[in-house]
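Accompanying notes for the structure given below.
Read-outs: derived from the displayed coordinates by stated rules, not from any lab. Treat the numbers as computed from the prediction; the structure is a model and nothing was measured. Heads up, the Cβs are rebuilt from the backbone with ideal geometry, glycines too, and the neighbour counts pull from every protein chain shown.
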């Protein structure tokens, strides 16, 4: 199903998005970083522009969770070093 493929892509992109936001806004708040990560992720989705708002609306919770999971994972890895 197409939504499953989009979810898989979102999950994969979340790590790059969080890394990008962290590097771009290293001294900013978590909210600003999350907003930038979401913007980065959405811009990288291979979805026609007219459909992006619809997909984002449907998958808002999933996108938030993917970003949060990526942050948790990156924090765990960072703490292991």
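Taking the chain as a Gaussian network, Cα atoms linked when under 10 Å apart, which of 63, 38, 47 shows the biggest mean-square fluctuation?
47
Scan [x] 14, 21, 16, 14, 13, 11, 8, 4, 0; [y] 14, 30, 21, 16, 12, 7, 1; [z] 18, 52, 25, 5, 0 for the value of P(r) over Cα pairs in 10 Å bins from 0, in percent calculated from this model and give just the label.
Only one listed value fits the structure, namely [z].
Taking 0.36 nm per residue of separation and subtracting the Cα-Cα distance, what length does fully extending residue 57 through residue 31 add?
Here the segment from residue 57 to residue 31 would lengthen by 7.5 nm.
Give the relative contact order (percent, whole number) for the chain; include only Cα pairs under 8 Å separated by 6+ residues.
39 percent
At 7 Å along the Cα-to-beta-carbon direction for both residue 8 and residue 46, put a label point, then send me their distance in nm to one decimal.
Rounded to a tenth, the inter-label distance reads 1.2 nm.
Pick from 62, 40, 51: which residue has the top mean-square fluctuation in a GNM of the chain where Cα pairs under 10 Å get a spring?
Maximum among the listed residues: 51.
Could you give the angle, 0 to 90 degrees to the nearest 10, between helix 30-44's Cα long axis and the longest principal axis of the Cα atoms of the chain?
Tilt relative to the chain: about 40 degrees.
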